[in-house]
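The values are calculated or read from the model by the stated rules, or taken from the named source; none is laboratory data. What you see is a predicted model; the values in this text were computed from it and never measured. Using ideal geometry, Cβ is built from the backbone for each residue, glycine included, and neighbour counts are taken over all protein chains shown.
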Amino acid sequence: MGKTSITTNSDGTKRALSNRHVQMIAIGGTIGTGLFLGAGSTISKTGPSILIVYALLGVFFFLMMRAIGEMFYSDPSQHTFVSFITKYLGDGAGRFAGWTYWIGLVFVGMAELTAIATYVQYWLPNLPTWLIEIIFLVILTMINLIAARMFGETEFWFAMIKIVAIVAMIVIGVYMAFTAFKTPMGHASFSNLTASYSMFPKGINNFIAAFPMVFFAFQGIEFVSITIGETKNPQSVVKKAVNETLFRILIFYIGALVIIMSIIPWRTLSANQSPFVQVFKLAGLPAAAAVINFVVLTSASSALNSVLFSAGRHFYQLAVDEPDNSWLKRNFGAISKNGVPAKAILISATLVLITPLMSLTHGLTSVFTIVTSVSSDMYIIVYTLSMLAHRKYRASTDFLSDGFKMPGYKITSVLTIAFFTIIFITLFFVPGDAIPAIGAIVWTVLFGSWCYFDAKRTVPVVK
């Protein structure tokens, strides 16, 4: 595609991402290591009932994406969905959501960088963790600094690797199920899903505990919306990307889980090993562990790549929203010649650089785990604020009656907000999740109050 086809926005960013890039970024955001590595753990808690959990959460994430998509459709010039929180809920709520989301992204980036080092050491056990982390962080930061199109191209191929792995597992699994393939655990069959079925085979508490686990597996699904400000034909692309969210969840998550539990009776499935590795090994692929390790390495790299892209845009937006004379706006509220918020990307990457230092001091690991959990819990609050912003949008003069509307808004909006609230409450019933949930509440009360009162204090007087 020639340069002449790339439109430059008024702020200097370029609409260089094509529909092909955005659709793959959407898939990449939907599918993470939670499926490849964590599915065994979630299955072990509830058995086949986990399909209900994934389906239910999939529906509500789809509705959230429709709400966010509707706002982007009406104003595709925005770079982040947090911009709409500022626009419709006020500067205080926007500042709280922006900083909360950005800090959360930094911790997600740190967690993904840690995971990358672990996966690389599968092949190179003697290579220092800190060196692996620095190499990958530098490469992915450079990709983000070059151009949005380079980021899109990289994500396209990262997502393609994940899709090939899932489709291969599904195709092999369907063949094994239809041929009643014999395994050490019995015969592969779809009847394994319904054999001695119980809604709560390990108690209702384990069923409830699966909800936040699956919620965090879906976390990052909103990344696709952050590409809209740099996408060609944004209104048509946002409709396609959001509408296919539910379809992707059904195929890639629920389809994969159905095959896994058909091949391996869920009670014999190892919770500590990737179910993909287990299925490929049963199918006779001796290098199954190495293949899936490569897939999860690309998955973690994809997640870090997206984090750097998203964090850069969010920090840039935070800077732009500051007063003209502020230090933050002067230093980070600018776009580079390449059409990217380079300084905002670099400050985000620099904070992620703390990870290699942590690998040298084991005492920080437990603190990092707690803080990461707190930041994850705060995402539920930010998602809820985006839904409340959507309600305000619907009541505003910006509302497009012929736009890309959230289906059944009057009912689905309330249900989605209520569902996110329930998910947050379930954290208090899961061992280990209560303390981070309390931390998220404390952060919201303290930082949220400061943002609210500071916004009130700095409101300009209208003469």
Conditions first: (1) within 23 Å of Leu56 (Cα to Cα); (2) in contact (Cβ under 8 Å) with a residue 12 or more places away in the chain. Met185 passes all but one, so which condition is the exception?
(1)
Before we move on, is Thr412 in contact with a Leu (Cβ under 7 Å, 6 or more places away or on another chain), surrounded by 13 or more Cβ atoms within 10 Å (Cβ to Cβ) and modelled with pLDDT of 95 or more?
yes
Tell me, please, whether a residue that is touching an Asp or Glu at 6+ places or on another chain (Cβ under 8 Å) and either in contact (Cβ under 8 Å) with a residue 40 or more places away in the chain or farther than 19 Å from Ile161 by Cα (or both) can be found in the stretch 210-228.
yes
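With the structure loaded, tell me whether Ser401 is within 30 Å of Lys240 (Cα to Cα) and either at pLDDT 90 or above or outside any helix (DSSP H, G or I) (or both) or whether it fails that test.
Spelling it out, Ser401 is indeed within 30 Å of Lys240 (Cα to Cα) and either at pLDDT 90 or above or outside any helix (DSSP H, G or I) (or both).
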Within the stretch 274-319, tally of residues that are surrounded by fewer than 23 Cβ atoms within 10 Å (Cβ to Cβ) and of a type in the set (D, E, K, R):
1
Out of all the residues in the stretch 80-89, is one or more over 21 Å from Asn233 (Cβ atoms), of a type in the set (D, E, K, R) and modelled with pLDDT of 90 or more?
yes
If we ask which residues in the stretch 388-422 are of a type in the set (Lys, Arg), touching a residue at least 12 places away in the same chain (Cβ under 8 Å) and out of contact with any Asp or Glu (no Cβ under 9 Å at 6 or more places or on another chain), their number turns out to be 2
Filter the stretch 423-444 for residues that are out of contact with any Leu (no Cβ under 6 Å at 6 or more places or on another chain), more than 15 Å from Val382 (Cβ to Cβ) and either without any contact (Cβ under 8 Å) to a residue 40 or more places away in the chain or not in a helix (DSSP H, G or I) (or both) and give the result.
Ile425, Phe428, Val430, Pro431, Gly432, Ala434, Ile438, Val442
Would you mind telling me which numbered condition in (1) surrounded by 15 or more Cβ atoms within 10 Å (Cβ to Cβ); (2) out of contact with any strand residue (DSSP E or B) (no Cβ under 9 Å at 6 or more places or on another chain); (3) closer than 23 Å to Gly255 by Cβ Thr141 fails?
(3)
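Here is a yes/no grid of residues against (1) touching an Asp or Glu at 6+ places or on another chain (Cβ under 9 Å); (2) within 27 Å of Gly255 (Cβ to Cβ); (3) surrounded by 19 or more Cβ atoms within 10 Å (Cβ to Cβ); (4) among the charged types (D, E, K, R):
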position: His21; (1), (2), (3), (4): yes, yes, yes, no
position: Met24; (1), (2), (3), (4): yes, yes, yes, no
position: Gly28; (1), (2), (3), (4): yes, yes, yes, no
position: Leu37; (1), (2), (3), (4): no, yes, yes, no
position: Gly40; (1), (2), (3), (4): no, yes, yes, no
position: Lys45; (1), (2), (3), (4): no, yes, yes, yes
position: Ala93; (1), (2), (3), (4): no, no, yes, no
position: Ala97; (1), (2), (3), (4): no, no, yes, no
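For (1) touching a Leu at 6+ places or on another chain (Cβ under 9 Å); (2) within 19 Å of Thr114 (Cα to Cα); (3) modelled with pLDDT of 90 or more; (4) not in a loop (DSSP other than H, G, I, E, B), each residue gets a yes or a no:
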residue: Arg330; (1), (2), (3), (4): no, no, no, yes
residue: Ala334; (1), (2), (3), (4): no, no, no, no
residue: Asn338; (1), (2), (3), (4): yes, no, no, no
residue: Lys343; (1), (2), (3), (4): no, no, yes, yes
residue: Thr350; (1), (2), (3), (4): no, yes, yes, yes
residue: Pro356; (1), (2), (3), (4): yes, yes, no, yes
residue: Thr361; (1), (2), (3), (4): no, yes, no, no
residue: Val367; (1), (2), (3), (4): no, yes, no, yes
